[in-house]
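These notes are about the structure you will find just below.
Quick note: the coordinates plus some simple rules give every number you see, no bench work behind them. All figures in this text were calculated on a predicted structure; none of them were measured in a lab. Neighbour counts are summed over all protein chains in view; Cβ atoms, including those assigned to glycine, are modelled from backbone coordinates with ideal geometry.
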Amino acid sequence: MGYVPCVANVDMSVEESLLLLKFNVDKEAHIKLDEKKCEACKLKPCLYVCPVQNFKLEKGQLVFNWPGCLECGGCRIACEQLGMGAVRWSYPRGGFGVLFRYG
Ligand code: SF4
Ligand code: SF4
């Protein structure tokens with residue numbers, strides 16, 4: 001079995017790496033939340049795990065935005081393990097979402 005070598009550019013910051021990404025944002029959210037469960041959720045781990053801070057609290061209410069989503073699945077796992085299981089997660093439809101470029 002052959003392996004593709006993984007070459008990390010250690011001189012690049014996370015912010016610089018994120019600038020290499022392109023997004024084709026779908027109008028329809030690929031991640032959906034059960035608002036009632038979110039209201040009842042005390043810990044709200046989604047606020048801390050999302051690497052691009054797509055979850056925010058505004059006037060005490062959880063607000064979710066999907067543009068910029070890296071499709072890492074962290075919010076789903078955190079919500080299942082420490083939240084209320086409110087995240088219905090799927091990849092974006094074909095042709096939409098993040099495009100990882102290497103350079
Ligand atoms: S962790 Fe889940 S249930 Fe809690 S606020 Fe976030 S999305 Fe909602
Ligand atoms: S999949 Fe990852 S990047 Fe996308 S909203 Fe969830 S935690 Fe954030």
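Note on Asp11 and Val25: their simple-model spin labels are 3.2 nm apart, each label 7 Å out from Cα toward Cβ. Based on the reciprocal of the average 1/r between different C-alpha atoms, the Kirkwood radius for the chain equals 15.3 Å. Computed from point charges on the beta carbon alone (+1 for Lys and Arg, -1 for Asp and Glu), the dipole magnitude for the chain about its Cα centre is near 340 Debye. The HN-Hα couplings worked out from phi for segment 71-78 by the Karplus form 6.51 cos²θ - 1.76 cosθ + 1.60 (θ = phi - 60°) are 6, 7, x, x, 5, 5, 5, 4 Hz, whole numbers, x standing for Gly and Pro. Based on C-alpha pairs under 8 angstrom that are at least 6 apart in sequence, the chain has a relative contact order of 39 percent. A simple rule links phi to the HN-Hα coupling: the Karplus curve 6.51 cos²θ - 1.76 cosθ + 1.60 with θ = phi - 60°, which for segment 87-94 gives 8, 9, 10, 8, 6, x, 4, x Hz, with x for Gly and Pro.
Applying the criteria of a DSSP loop state and at most 16 other Cβ atoms within 10 Å to the chymotrypsin sites (Phe, Trp or Tyr not before Pro) of segment 35-103 yields Phe96, Phe100, Tyr102. In sequence order, segment 18-27 has phi-based couplings of 5, 5, 7, 7, 10, 10, 10, 7, 7, 5 Hz under the Karplus curve 6.51 cos²θ - 1.76 cosθ + 1.60, θ = phi - 60°, and Gly or Pro positions carry x. Across the options Gly74, Cys41, Pro51, the greatest Cα extent toward the positive end of the charge dipole of the chain (unit charges at beta carbon of Lys, Arg, Asp, Glu) belongs to Cys41.
Scanning the chain for trypsin sites (Lys or Arg not before Pro) in DSSP loops with at most 16 neighbouring Cβ atoms within 10 Å leaves 60-92 as the longest stretch between them. Along the chain, the longest continuous region that contains none of the GluC sites (Glu not before Pro) in a DSSP loop with at most 16 other C-beta atoms within 10 Å is 29-70.
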